[in-house]
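Down below is the structure, laid out as structure tokens.
The values are calculated or read from the model by the stated rules, or taken from the named source; none is laboratory data. Keep in mind it's a predicted model, so treat the numbers as computed, not measured. Here the Cβ positions follow ideal geometry from the backbone for every residue, glycine too, while neighbour counts run over all protein chains shown.
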Amino acid sequence: MAEYVTIKDIAKKVGLHYSTVSLALRNDPRLAESTREKIQRAASEMGYVPSAAMKALSAYREKNRPHPIQSAMAYLTDMPRSDPFNSMVLRCARSKARKMGYELIEYNLRDAGSSISHFKSVWWNSGIKGVLVGPFVESGADLGSGWEQFIVVEYGYSVSQPNFTRAVLDHYHNMLLHLAVLRERGYQRIGLMLTEGLSDRTHGILHSAYLYEQVRRGGYAIELQSDDLGSAESIRSWVEENRLDAVIAHERQYELLLESGLRIPEDLGFSVLGWKGYSPQTPEYFSGFNTKPELLAENAISFLVSQMHEHAYGVPATPKSIMVAGEFHEGTTLRSTQVGSP
């Protein structure tokens, strides 16, 4: 049996310290590329194979040891600090980061004198490697190039370029589950009130899932797509012209439906497109789908830490995504329309 090759054996051959060899075998960008290639080539020629047992032991120790605050990660956004959604994402992500031994620091592009290039300089000089890209005000944001020195995970779909590794809500599956709940309660003609802004931010996934479900059932897509709330009169006309018995819509459109004279749930079932458990302004009595964006914020941090452990620097050639599914929230704005129900 061939003698097992260790990191110290490789260090002796190339004339470098074993810690340098360790960094090179992990492809750490702090080493010059020529040095990494030299060490990796020597390791390959010597038949070096990482010890699975040692890696498993290291992972076990890492999982079970206490996690003091050891370093910082960056949270990048351009949303107002007062925005409740952004505040929730940052709060949940920061709490999870601290449990894993990291401090999450916000870098907001709305701050005076801020820019991505300036932030990158700060991160590099501060030893910050991990960056969580939070939600942005406008969808389709372009953050430019030059991310080779950082490990990035994006929350959601706000940024179109670069194509980072992402943590996203499972919008397609969520919409199908949402519709399935309404179908189980007997609703047949379900309308969707989806703004263009939200459709863009979700890359049309909500829209496509709705259309797919409608076509699969042999029906036609019924939707109202507008960036404004419309008027009570226009919404009632839309409901009546399409003979809707239920509507999936935004919270703010509930009042317009009532203003139009429709009774909920007697005349029309109402289900919120994204029930916000984190917002005290969301009435508990609303029926709707809780997409769990808070859980996504926590999972985005876990994903980022895992990418840091893998030394996944720069924009990946094949980006990965993790998805978080939601669940239906029971309320009183839906009724059963099953035959024979009371």
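Hey, any hits in region 111-131 for a residue that's surrounded by 18 or more Cβ atoms within 10 Å (Cβ to Cβ) and within 27 Å of residue 289 (Cβ to Cβ)? No: region 111-131 contains no residue that is surrounded by 18 or more Cβ atoms within 10 Å (Cβ to Cβ) and within 27 Å of residue 289 (Cβ to Cβ).
Among the acidic types (Asp, Glu), out of contact with any His (no Cβ under 8 Å at 6 or more places or on another chain), at pLDDT below 95 and within 26 Å of residue 178 (Cβ to Cβ): is that true of residue 310 in this structure?
Judged against the criteria, residue 310 is not a match.
Among the conditions (1) at pLDDT below 95; (2) under 19 Å from the mean Cα position of the chain (by Cα); (3) within 16 Å of residue 270 (Cα to Cα), residue 191 misses just one, which is (2).
Cβ-Cβ distances below 7 Å connect the following pairs, each with a first residue in region 247-267 that is assigned by TED's automatic domain parsing to the domain that holds residue 182, a second residue that is in a helix (DSSP H, G or I) and among the basic types (Lys, Arg), and a separation of six or more residues or different chains: 260/236; 261/236; 262/236. Listed here are the strands (runs of 3 or more DSSP E) enclosed by region 228-328 that have at least 1 residues being among the aromatic types (Phe, Trp, Tyr): 269-272, 288-290. If you go through region 207-231 and keep only what is out of contact with any Phe, Trp or Tyr (no Cβ under 8 Å at 6 or more places or on another chain), at pLDDT 90 or above and among the aliphatic types (A, V, I, L, M), you end up with just 211. Considering the conditions (1) assigned by TED's automatic domain parsing to the domain that holds residue 206; (2) touching a residue at least 60 places away in the same chain (Cβ under 8 Å); (3) out of contact with any helix residue (DSSP H, G or I) (no Cβ under 7 Å at 6 or more places or on another chain); (4) not small (Gly, Ala, Ser), residue 278 is excluded by exactly one of them, (3).
The test for being under 27 Å from residue 323 (Cβ atoms), surrounded by fewer than 16 Cβ atoms within 10 Å (Cβ to Cβ), in contact with a Ser or Thr (Cβ under 9 Å, 6 or more places away or on another chain) and assigned by TED's automatic domain parsing to the domain that holds residue 317 holds for residue 138.
For region 104-119, indicate whether the set of residues that are part of a loop (DSSP other than H, G, I, E, B) and in contact (Cβ under 8 Å) with a residue 60 or more places away in the chain is non-empty. Checked region 104-119: no residue is part of a loop (DSSP other than H, G, I, E, B) and in contact (Cβ under 8 Å) with a residue 60 or more places away in the chain. Residues in region 2-43 that are basic (Lys, Arg) and within 23 Å of residue 314 (Cβ to Cβ): 26, 30, 36, 38, 41.
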